[in-house]
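Structure incoming, see below.
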Amino acid sequence: MSDLESTSEGGTALLDPPDHFDDLFASERLDPARPLTASRQLRRRQIFSRAMESTQTAAALLAVAMLAFVVYSVASRGASVLSFEFLTAGPPAIEETAGGGIGPMIVGTATLVGIATVIAMPIGILAALYMTEFASRRAARLLRMVLDLLFGVPSIVLALFVFELIVAGKSESGFAGSFALAIIMLPLVARASQETLLLVPQGLRDAAAALGVSHWRALRGVVLPSALGGIITGTVLALARAAGESAPLIILSAVFSRTVNFNIFSEATPNIPVYIYKASTAANPYGWARAWGAAFVLLLFILIVNIGARALHARGRRKMAR
Amino acid sequence: MSTEVTDAPSTPRQRVRIQTGEREDLGAREPANGTAPALAGAGQAKPAARETIFDVRDISVSYGASTAIAGVSLKVPRHLITALIGPSGCGKSTFLRCLNRMNDTVPGFGLTGQILYHGNDLYAPRVDPVEVRRRIGMVFQRPNPLPKSIYDNVAWAPRNLGMKANLDERVERALRGAALWEEVKDRLKQSAFGLSGGQQQRLCIARAIAIEPDVLLLDEPASALDPIATASIEELMLNLKHRFTIVIVTHNMQQAARIADRTAFFSLEVSAGKRTGALVEYDETSTIFTRPKDPRTGDYVTGRFG
Amino acid sequence: MSTGEANPASRLRALAARSSASAGAVDRLGDAVLRGLCVLAALLALAALAGIAYEVIDGATLAIGRFGLGFLVHTTWQPNFKVFGAGVMLYGLAVTSALAMLLAVPIGIAIALYLAMVAPPRVRNVIGPLVEMLAAIPSVILGFWGILVLAPFLSSDMEPFLHSAIGFLPIFGEPSSTGAGLFTAGLILTIMVVPIIASISRDLFLTVPQEMKDGATALGATRWEMVRGVVLPSTAPGVVAACFLGLGRALGEAIAVAQVIGDGKAIQKLFETGNTAASAIALEFLGAENRLQASSLFYLAVILLVIGLIANLTAQAITRRFLIHRAMTR
């Protein structure tokens, strides 16, 4: 409607000869034949613009430099202690001595993260399926919000929750730690799965329905396999994040022995993050050396997983795009 | 020319026709020289030649390995509307964006040949593209107001350029110049996104003329608009040509016939499996539409091709 | 037709062939079971969130009953006298988060602008992931690095320099001896928050339509004027949301802060030790001497949960409004 009115307004403007231009342009009218090099004012603006670009570039370089600095610090100090013994042996009986290793911590972290994945992965995938396949729009949005909030809960708060739920009145346990890590992984797995499931063409589901294939068979046979790559990538990334997570374990699985143990329900499980944390609170150079080695192992694992997942993700995207 | 008169029932169209009449007067003073080779630039051949704004000399444009347009030469005269028509993909928009160096930001862009603007090479090393764009304004296919109020959309560029004196007056005049003032004068502080598509496009014209450019380039300015909004944009252009030199890309041949003084027909040439845009014919609009010299032009304007 | 398309299609045909033979009760049961499992998973997620809120508040009731809202302002934290006030922790929380945001917001946005507007695509595809890698470094490693590498550097070089240069500002004070303190904690948090703000903002900047940027460029604007006039205003709500997400991260970080903040018990200046709500929990929970101390730590967790959820919800609300706004204008 407004366009109709606008035309009539435009009409009145048109009936006037376009005099107002002369007023407007009588001022500082530039000579069009003047060379096209920058005026003094424009030079000033260009200098400012380039200065801002340089600042932005510097900020990016600063971030990369920080990454390089941290990785270099860890690698240069950690690589020197790496050995077969370091990766397999336990720490020495007396922390203030050299030698020993972090074998039990590596096994323990793998155990904790493995159990957390076993808990979080099916629940995360099912929650994602709920959002993409079954829920109403509102329910899906609500669950998305819940997952985002769960992701936003500080992990130390999560630790207190699990402590009250599982540990209080009993002893610390590896399982309690895994349980907390699973809650950290859950929103990551669910959201990554949801995003991949949304990429599966709706037509595939419709075709299945049209062919008389039941919903669950279609999901299991067609939809999930198509989305599997993305779901696994998301889960592996979540797993890498959980492997470096320390806050819950400091409350739930901190007082551990120096040897491998699989009594996850009755004992704290040795793990790398807490071992590094403890080293950082003690003035013990021998402990620091082992902690640098542990940090190097952990960081290497996490960076490799991240780079790998990124490469897989990029390939998957390219495939989907084709 | 006659077709648009007969199929013009609405009032805005009639106004357009009045303007068309004026243009025909102009044409009478400057009779088309039928013998001049079209590609050499029709403007040059006129007895009372107008000042040449753009003198495009044999330019070719490539993006990476592919050539978008090749061997285009033409002259754009002052204070006329020059229309670029042709099938989609023929490079007419690419050509237009070369005239104010908007292609500079496109990765892989390369240009050979020369574009003289008032005798200055647009692509000379010391030329600042920002200065070029400040003098040669552009309006795009889809209205693209800034995420600001109506007032700030118009006042933004003058502020950047340091034209801060009498800013309110400048904004009002630019909006009047774009035939938008009466519609928006009571809501200058509201977001530009609240305007209709046609109004947004006129706002884009207003903000372009607020910095007093020399040339206005319009890239299919009405293709995203409904017919009524299109008519008002066309009126506006006929008004604006008294102040500015206008180059317009349009896919709408009737539009070119209605408003343009000169028309350039671009076509897509296929040679050795590669598709390249080329200028086929450039002449007075009436010549292009009634007595084209190239059969391809004739096929296109009569709808047999494209 | 790519193979990716053909595979599901052939699987589909196979399924269709089989299911026509064996349709019926099994399928209906399968549908129901799957649906039930999905609903159950969704409910579990909801239950986890509700459970967290319930358990944390439940653990805090003792301290809430004893100290009430005065807990938020009192600065005495003395387990042996059973007197607990969160003033020191909330002060530390505010100072470290403010410092982190003060540094991370401009740096993060600058990085995002570099990635989205300045860097050639090839460079962007290298530097972008590197910046995101910064977020993948476990906080315990960052804290360990912070106390053993960053803190000595700060106390020997950076802090004396800052003290001599802008020490007249009352907040800075004398350089610390160990390098552990609020300042170091703030810097570590900055490193954690920068990649969050940078990567989200970069994604937002990349969504600004080229035609909108062209509109500004065609008006004779320099690149920075175009960024100021088009890119920043059209993405501002999303960038603010990214900052809130970063803030949520800074507020809740326990371990890295616990490692570098020095476990101070009083309100002190920037280069001196302190505590935050999260670091106090990490440092004291296992060694809590009495139930009231544990409950007070739960009270801190309640505060953290509330602030964290507010930051998160604010970010969500902004992005939703932002997306709606976008949908309307496009």
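The values are calculated or read from the model by the stated rules, or taken from the named source; none is laboratory data. Keep in mind the model is a prediction, meaning the values are calculated, not measured. Cβ sites come from the backbone with ideal geometry, for glycine too, and all protein chains shown count toward neighbours. For the accessible areas, the whole protein counts, side chains as well, though only heavy atoms, and no ligand, DNA or RNA atoms are used. Shrake-Rupley method; radii C 1.70, N 1.55, O 1.52, S 1.80 Å.
Pick from A:Ala168, A:Ala295, A:Ala33 the residue whose mean-square fluctuation is largest in a GNM of chain A, springs joining Cα atoms under 10 Å.
The residue that fluctuates most here is A:Ala33.
Let me spell out the model: positive unit charges on the Cβ of Lys and Arg, negative unit charges on the Cβ of Asp and Glu, origin at the Cα centre of the stretch A:208-322. What dipole size does that give, in debye rounded to 20?
660
Now for a separate question. Mind grabbing the interface size between C and B? I mean buried accessible area, both sides, 1.4 Å probe, in Å² to the nearest hundred. Walk me through the numbers on the way to the answer.
Details: alone 18160 and 13910 Å², together 30270 Å².
So the total buried area for this chain pair works out to about 1800 Å².
Using a Förster distance of 45 angstrom, determine the FRET efficiency expected from the C-beta separation of A:Ile307 and B:Glu182, and round it to 0.05. Don't jump to the answer; show the numbers that get you there.
Numbers: r = 61 Å, r/R0 = 1.34.
The calculated FRET efficiency here is 0.15.
Counting only heavy atoms of the protein chains, get the accessible area per residue of the stretch A:73-133 (1.4 Å probe) and round it to a whole Å² value. Walk me through the intermediate numbers first.
On the way: 2360 Å² over 61 residues.
That works out to 39 Å² per residue.
Additional query: So what is the 222 nm mean residue ellipticity for chain C from helices alone, if each DSSP H run of at least 4 adds -39500 (n - 2.57) and you divide by all residues, rounding to the nearest 500 deg cm²/dmol? Kindly include the intermediate steps, with their values, before the conclusion.
Details: 13 runs with 232 residues, N = 330.
Mean residue ellipticity at 222 nm (helix-derived): -24000 deg cm²/dmol.
Using a 1.4 Å probe over the heavy atoms of the protein chains, calculate the carbon and sulfur portion of the accessible area of the stretch C:73-329 as a whole percent. It would help to have the intermediate numbers written out before the result.
Details: 6040 of 9060 Å².
On the stretch C:73-329, the fraction of accessible area on carbon and sulfur atoms equals 67 percent.
Non-local amide H neighbours of B:Ile69 (under 5 Å, H modeled in plane, Pro and chain starts lacking H): which ones?
B:Val61, B:Gly277
Name the residue, out of A:Thr233, A:Thr57, A:Thr111, whose mean-square fluctuation peaks in a Gaussian network model built on chain A with Cα pairs under 10 Å.
Comparing A:Thr233, A:Thr57, A:Thr111 in a Gaussian network model of chain A, the most mobile one is A:Thr57.
What whole-number value in Å² describes the accessible area per residue of the stretch A:182-322 for a 1.4 Å probe? Walk me through the intermediate numbers first.
On the way: 5840 Å² over 141 residues.
I get 41 Å² per residue for the stretch A:182-322.
Roughly how many debye, to the nearest 20, is the charge dipole of chain C about its Cα centre, given +1 on each Lys and Arg Cβ, -1 on each Asp and Glu Cβ, and no other charges?
Working: 21 positive and 18 negative charges, 212 e Å.
So the magnitude is around 1020 debye.
Now for a separate question. Cα centroid distance between the stretch C:133-180 and the stretch C:86-107, in Å?
First find each Cα centre; the distance between them is then 14 Å.
What ranking do B:164-170, C:96-102 get when scored by the average of other Cβ atoms within 10 Å per residue, highest first? Please report the intermediate quantities before stating the final value.
On the way: B:164-170: 12.9, C:96-102: 21.6.
The peptides rank, most packed first, as C:96-102, B:164-170.
Among DSSP beta bridges whose residues both lie in the protein assembly as shown, state the antiparallel percentage, nearest 5.
Details: 31 of 49 bridges.
Around 65 percent antiparallel, to the nearest 5.
Under 28 Å from the Cα of B:Lys92, which lysines turn up, not counting those fewer than eight places away in the same chain?
The reachable lysines, counting only those whose Cα sits under 28 Å from B:Lys92, are B:Lys46, B:Lys75, B:Lys241, B:Lys274, B:Lys293, C:Lys213.
Which whole number gives the average count of other chain Cβ atoms within 10 Å of the Cβ atoms across peptide B:188-195?
2
Put a dot 7 Å past each Cα toward the Cβ at A:Phe265 and B:Glu51; how far apart are the dots in nm?
Simple spin-label model gives 9.4 nm for this pair.
Label point 7 Å out from C:Val306 along Cα-to-Cβ: which residues of the stretch C:85-117 have amide N under 13 Å?
C:86, by backbone N distance to the label point.
Ok, one more. How about the stretch C:210-313: which GluC sites (Glu not before Pro) there are in a DSSP loop, with at most 12 other Cβ atoms within 10 Å of their Cβ? Before the final figure, lay out each step's value.
Numbers: sites: C:Glu211, C:Glu225, C:Glu253, C:Glu272, C:Glu284, C:Glu289; in loops: C:Glu253, C:Glu272, C:Glu289.
Passing both the DSSP loop test and the Cβ count: C:Glu289.
OK, next. Is the stretch A:79-321 best put as rounded, prolate or oblate by its Cα gyration tensor, with a ≥ b ≥ c the root eigenvalues, rounded for a/c under 1.5, and otherwise prolate when a/b is larger than b/c, oblate when not?
Values: a/c = 2.84, a/b = 1.94, b/c = 1.47.
Because a/c hits 1.5 or more and a/b exceeds b/c, the stretch A:79-321 counts as prolate.
Which stretch or stretches of the stretch C:287-312 have amide N atoms under 13 Å from the point lying 7 Å from C:Lys265's Cα along the Cα→Cβ direction?
Correct set: C:289.
As a test of the definition: with a 1.4 Å probe, what buried accessible area, both sides summed, do you compute for A against C, in Å² to the nearest 100? Before the final figure, lay out the partial values.
Details: alone 19910 and 18160 Å², together 30290 Å².
Counting both chains, the buried surface is close to 7800 Å².
With a ≥ b ≥ c the root eigenvalues of the C-alpha gyration tensor of the stretch C:73-329, is it rounded (a/c under 1.5), prolate (a/b larger than b/c) or oblate?
Values: a/c = 2.45, a/b = 1.74, b/c = 1.41.
Prolate is the answer for the stretch C:73-329, as a/c is 1.5 or above and a/b outweighs b/c.
Rounded to the nearest 0.05, what FRET efficiency do C:Ser164 and A:Val255 have when you use their Cβ-Cβ distance and R0 = 45 Å? Show your work: numbers first, answer last.
Working: r = 45 Å, r/R0 = 1.00.
According to the calculation, E is roughly 0.50.
Separation of the stretch C:248-286 and the stretch A:248-322 by C-alpha centroid, Å?
22
With a ≥ b ≥ c taken as the square roots of the eigenvalues of the C-alpha gyration tensor of the protein assembly as shown, please select rounded if a/c is under 1.5 and otherwise prolate if a/b is larger than b/c or oblate if it is not? The partial results should precede the final answer.
Values: a/c = 2.45, a/b = 1.89, b/c = 1.30.
It comes out prolate by the Cα gyration axes.
May I pose another question? Going toward the positive end of the dipole of the stretch A:79-321, with +1 on Lys and Arg Cβ and -1 on Asp and Glu Cβ, which of A:Gly103, A:Ile119, A:Thr132 do you reach last?
A:Thr132
Follow-up question, since we're still on this one. What spacing in nm lies between the two simple spin-label points modelled at C:Leu130 and B:Ser66, each 7 Å away from Cα in the Cβ direction?
Distance between label points: 3.3 nm.
Using the heavy atoms of the protein chains and a 1.4 angstrom probe, tell me the accessible area per residue for the stretch B:246-294 in square angstrom. Walk me through the numbers on the way to the answer.
Details: 1710 Å² over 49 residues.
Heavy-atom accessible area per residue stands at 35 Å².
Set Lys and Arg Cβ to +1 and Asp and Glu Cβ to -1, take the dipole of chain C about its Cα centre, and tell me which of C:Pro160, C:Leu90, C:Val193 lies farthest positive.
Checking the options against the dipole of chain C, the answer is C:Val193.
Something else: Could you pull out every one of the lysines with an alpha carbon less than 18 Å from that of C:Lys82, ignoring same-chain neighbours closer than 8 positions?
C:Lys265
Testing the spin-label approximation: label points 7 Å from Cα along Cα→Cβ at C:Leu40 and B:Leu268. State their distance in nm.
Spacing of the two 7 Å Cα→Cβ label points: 5.8 nm.
Among A:Phe175, C:Ala254, C:Ile141, flag the residue with its Cα farthest along the positive direction of the charge dipole of the protein assembly as shown, charges on Cβ as +1 for Lys/Arg and -1 for Asp/Glu.
Of the listed residues, the answer is A:Phe175.
Continuing with this model, one more query. Tell me: how much accessible area in total is hidden between A and B, 1.4 Å probe, Å², nearest 100?
Working: alone 19910 and 13910 Å², together 30190 Å².
Interface area, both chains combined: 3600 Å², rounded to the nearest 100.
Follow-up. In whole Å, how far is the Cα centre of the stretch C:187-208 from that of the stretch A:151-166?
So the two Cα centres are separated by 26 Å.
Something else now. Using a simple charge model, +1 on the beta-carbon of Lys and Arg, -1 on the beta-carbon of Asp and Glu, nothing else, what dipole does chain A show about its Cα centre, in debye to the nearest 20?
On the way: 27 positive and 21 negative charges, 218 e Å.
Around 1040 debye, computed over chain A.
Calculated FRET efficiency, C:Ala47 and A:Ser171, Cβ-Cβ r, R0 35 Å, to nearest 0.05? Numbers along the way, then the final one.
On the way: r = 25 Å, r/R0 = 0.71.
Computed FRET efficiency for C:Ala47 and A:Ser171 comes out at 0.90.
Rounding to the nearest 10 and keeping the result within 0 to 90°, find how far the Cα-based axis of helix A:103-129 lies from the longest principal axis of chain A.
Between helix and principal axis, roughly 50 degrees.
Also, quick follow-up: Taking θ as phi - 60°, what are the ³J(HN,Hα) couplings along the stretch B:83-95 by the Karplus curve (6.51, -1.76, 1.60), each to the nearest whole Hz, with x for Gly and Pro?
Couplings: 9, 10, 10, x, x, 5, x, 7, x, 5, 5, 4, 4 Hz.
Compute a Gaussian network model of chain C, connecting alpha carbons closer than 10 Å, and tell me which residue from C:Ala42, C:Ala14, C:Ala294 fluctuates the most.
C:Ala14
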